[in-house]
1. Got a sec? Which of ASP95, ASP138, ASP85 is farther than 28 Å from THR170 by Cα, open to solvent by 40 Å² or more (accessible area, probe 1.4 Å) and free of Cβ contacts under 8 Å to residues at least 12 places away in the same chain?
2. Only residues that are in contact with an Asp or Glu (Cβ under 9 Å, 6 or more places away or on another chain), within 14 Å of SER468 (Cβ to Cβ), open to solvent by less than 40 Å² (accessible area, probe 1.4 Å) and outside any loop (DSSP other than H, G, I, E, B): list them for the range 362-380, please.
3. So if I check each of VAL291, VAL214, VAL282, which one is of a type outside the set (Gly, Ala, Ser) and modelled with pLDDT under 90?
4. Would you be able to tell me the number of residues in the range 325-361 that are at pLDDT 80 or above and either more than 30 Å from THR169 (Cβ to Cβ) or assigned to a strand (DSSP E or B) (or both)?
5. Of the residues in the range 141-172, how many are charged (D, E, K, R), under 22 Å from VAL190 (Cα atoms) and open to solvent by less than 70 Å² (accessible area, probe 1.4 Å)?
6. So VAL207 fits all but one of (1) part of a helix (DSSP H, G or I); (2) under 20 Å from PRO123 (Cα atoms); what number is the exception?
7. I'm checking my understanding of the structure. Among residues of the range 98-111 that are out of contact with any helix residue (DSSP H, G or I) (no Cβ under 6 Å at 6 or more places or on another chain) and either open to solvent by 60 Å² or more (accessible area, probe 1.4 Å) or of a type in the set (Asp, Glu) (or both), which one is farthest from LYS152 (Cα to Cα)?
8. Hey, among LYS429, LYS416, LYS463, which residue is in contact (Cβ under 8 Å) with a residue 12 or more places away in the chain and under 25 Å from GLU384 (Cα atoms)?
Amino acid sequence: MKKSRIITVLLALLLVLAFPLQKADAALAFKDVGDAYSKVINEFVDLGIVGGYEDQTFRPNNNVTRGQAAIMLARALKLDTNKVDAVEYKDIDKDYPSYKEIAAVTNAGIMSGNNGKFEPNKPLTRVQMATILANAFDLKGNGSASFKDVPKDHYGYEAIDALYANNITTGYENKTFKPSKPLTRAHFVVFLSRALNGGEENSDDSVTELLKEVYANEANLNTYNFEGSMNLGLLLPEEDMTPEVQAIFEVLKDVQIDISGAYQKDPMQLEANIDLTLKGDVQATFSIPMVMTEDKMWIKLPDSPLLPLPEEVKGKFIEYDLAEMAEISGQPLESLDMEVQTKLGIDIINLFVELLGKDFYKEIDLSTVTIPEGVDANKVIKFELTNESLKPFIEIVFNEMLPQLLELVDDPEYAKALGLTAEDIALAKESLASEELNIDEIVSEINKFLKINQLDEVIMISKDNYISYDAGTVDITVTIEEEAFDFKLTYDQSKSNVNENIKFTIGIPKEDNVIPFEQLLELEEEALTADNI
């Protein structure tokens, strides 16, 4: 609000604002409302849609009753409750406290009773919530909702599908909707808010902008500890497989990787303890400590009967000079410029989010996911890809993402860092422009051999808008010549001590505990020469 120099006008404005401010203060004073729901509950209190209790509580986790839902809907939709047509319910009369609101939503075709009763004190279920919101806002679905516990012949499918299609609900993390579960007061407020705002709380723009901010913040974190795990499973048909190949894939049937460590931005230092566990017929665990700075990397190889090491190497770190390694591999030294790499990474992520955020990222309710202990989760974003959504995904990748990515790396700074010449980029652009792609045919062919059982990522965002935890699953079945094999990869990672003092448990290896990579190559060459003799 602009400041006025006229005292009387200022006083008048203060008086006008006094009542709303008092209501906002009351909402903020709810002692049982956490940060996750405070904003939307405060807004509803300010609008006079909902109120709290005399003991300064909101009781967000209490079940919302059908009567309370009727009151909130009547107020939110500004239905006329002064002149309402009479309604006949066996369990309420005209003296009932919320009779007018119940009559208003009944006359509007939003809510109805059962067997002549309205049951105002009965908890509102999730499927009832879907039905009344679909009625209230005339929401339509498109058949895209796919919940394990709501088949398409379920009586509430159309209403639930309407909420899903309009970004009002995403269901639970395990792909269920739990239609019979009672709804809490806080959750009803959230769903009603989304419906009122056309899914704005879960809108494409808000999710996209949030992710951009989050990934920019990620690149600027100063310090943190991290821990996570990854599980790889690969199951192939054993027919026509040689014993050697079968032995290799037996090892890859179940692989567990656990990792923990610490990161520091300036001066750059990263260390990680990596435990690699084989869970197949050959069961073994290998521990691999790793340290990295801006110009060097050290790795201590595990000593095992399966992977015997030369005596000179046992218990020592192999030192890699990153500039020398880049030169050997033909990479430009500019690729080691962390500032340029960070900028490029952020630009690529922004492009990815900008193009895919509209259809593939959604903000989901905190109550629908399991938050690991100690994780600061204020919001949750979910990315998901299915066979049904594969066509729009491929269309975006080929028609928008690849052309814009080529324009991005055409920047001389980025091209130099990636080792690309102007001719390389021009040739790629020409090739992409001349390629006539039939997306329908591509998708049809992919769907013949690829079944996406699950492909998603759950991103938990802290109050300070960085990623506190993320977890993903890739579970696919590939069928070639009537033979199928399964590939499954799951991972998760969490952060702690963000921008706080951290301790490096490994530290930069000392010179007497290091073997340069060149010396390792010499040892291998000597061993090969000895074997030939």
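1. Being farther than 28 Å from THR170 by Cα, open to solvent by 40 Å² or more (accessible area, probe 1.4 Å) and free of Cβ contacts under 8 Å to residues at least 12 places away in the same chain holds for just one of ASP95, ASP138, ASP85, which is ASP95.
2. If the condition is that a residue be in contact with an Asp or Glu (Cβ under 9 Å, 6 or more places away or on another chain), within 14 Å of SER468 (Cβ to Cβ), open to solvent by less than 40 Å² (accessible area, probe 1.4 Å) and outside any loop (DSSP other than H, G, I, E, B), then VAL380 is the only one that fits.
3. VAL282
4. The total comes to 10.
5. The initial filter retains those residues of the range 141-172 that are charged (D, E, K, R), namely 148-149, 152-153, 158, 161.
Pick out the ones that are also under 22 Å from VAL190 (Cα atoms) and you get 158, 161.
Those still in the list that are open to solvent by less than 70 Å² (accessible area, probe 1.4 Å) too: 161.
Going through the range 141-172 one residue at a time, the tally reaches 1.
6. (2)
7. So, considering only residues that are out of contact with any helix residue (DSSP H, G or I) (no Cβ under 6 Å at 6 or more places or on another chain) and either open to solvent by 60 Å² or more (accessible area, probe 1.4 Å) or of a type in the set (Asp, Glu) (or both), the one farthest from LYS152 (Cα to Cα) is LYS100.
8. Just a single option satisfies the conditions, and that option is LYS463.
The values are calculated or read from the model by the stated rules, or taken from the named source; none is laboratory data. For clarity, every value in this text was computed on a predicted model and none was experimentally measured. Cβ coordinates were reconstructed from backbone atoms using ideal geometry, including for glycine residues, and neighbour counts include every protein chain displayed. Just the protein is used for accessible areas: all its heavy atoms, side chains included, with ligands, DNA and RNA removed. Shrake-Rupley method; radii C 1.70, N 1.55, O 1.52, S 1.80 Å.
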